[in-house]
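See structure below.
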Amino acid sequence: MERLEYEFAAGQSALGRTVSGVVSSGDLEVLLEPATAGRTKVSVQTSVDGYGATWKALLERVFGAGDLPAARIEINDNGATPGVVRMRIEQAYEQAANNGGTP
């Protein structure tokens, strides 16, 4: 198990909290809650060691523009592919925006 921490520029606070996905074989869950405007903090708990550079590159592509809402994000990974990671993050933001975060 490996724990990774990242921080990115962000917009206004996310509108609510939500959970997207589940931790099971080859998948992950994303827990999102609002944070102070301007910063997003991402914590990754992964079952696959040694992929810190891959996680950093992927998350920089997702959050690099700094225009997503500010949030505290917890990612619990069980070997998901980069496409699944991005999809779950996008789902979490969409759920938070559409229904105030109620999963």
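A few points about this structure:
- Bridge type composition, region 2-99 - antiparallel percent by DSSP, nearest 5: 75
- Heavy-atom SASA rank of Leu15, Leu32 (probe 1.4 Å, accessible area, largest first): Leu15, Leu32
- Taking each residue as 0.36 nm, the span from Val84 to Lys56 lengthens on full extension beyond its C-alpha to C-alpha distance by 8.5 nm.
- Considering only Gly21, Gly83, Gly11, the mean-square fluctuation computed in a Gaussian network model of the chain, springs between alpha carbons under 10 angstrom, is largest for Gly83.
- Within the listed set Pro34, Pro82, Pro69, the Gaussian network model of the chain (springs between alpha-carbon atoms below 10 Å) gives the highest mean-square fluctuation for Pro82.
- Modelled label positions at Ala37 and Leu4, each set 7 Å beyond Cα in the direction of Cβ, lie 3.1 nm from each other.
- Cα long-axis angle, helix 82-99 against the chain (0 to 90 degrees, to the nearest 10): 20
- Between 0 and 90°, nearest 10: helix 52-63 axis offset from the chain longest Cα axis: 20
- Ellipticity estimate at 222 nm from DSSP helix runs (n ≥ 4, -39,500 (n - 2.57)) divided over the chain, nearest 500: -9500 deg cm²/dmol
- The length gained by stretching the chain between Asn99 and Ala65 to full extension, at 0.36 nm per residue less their Cα-Cα distance, is 9.8 nm.
- Of Ala9, Tyr93, Leu58, farthest towards positive along the dipole that unit charges on Lys, Arg, Asp, Glu beta carbons give region 2-99: Ala9
- Under a model in which nothing but the beta-carbon of Lys, Arg (+1) and Asp, Glu (-1) is charged, the chain shows a dipole of about 180 debye around its Cα centre.
- By accessible area with a 1.4 Å probe, ligands and nucleic acids excluded, highest first: order of Val30, Val84: Val84, Val30
- Nitroxide proxy distance, nm - points 7 Å out along Cα→Cβ at Gln12 and Gln91: 2.7
The values are calculated or read from the model by the stated rules, or taken from the named source; none is laboratory data. Since we're looking at a predicted model, the values are computed, not measured. All Cβ positions, glycine included, derive from the backbone under ideal geometry; neighbour counts span all protein chains shown. Please note that ligands, DNA and RNA were not included when accessible areas were found on the heavy atoms of the full protein model with its side chains. Shrake-Rupley method; radii C 1.70, N 1.55, O 1.52, S 1.80 Å.
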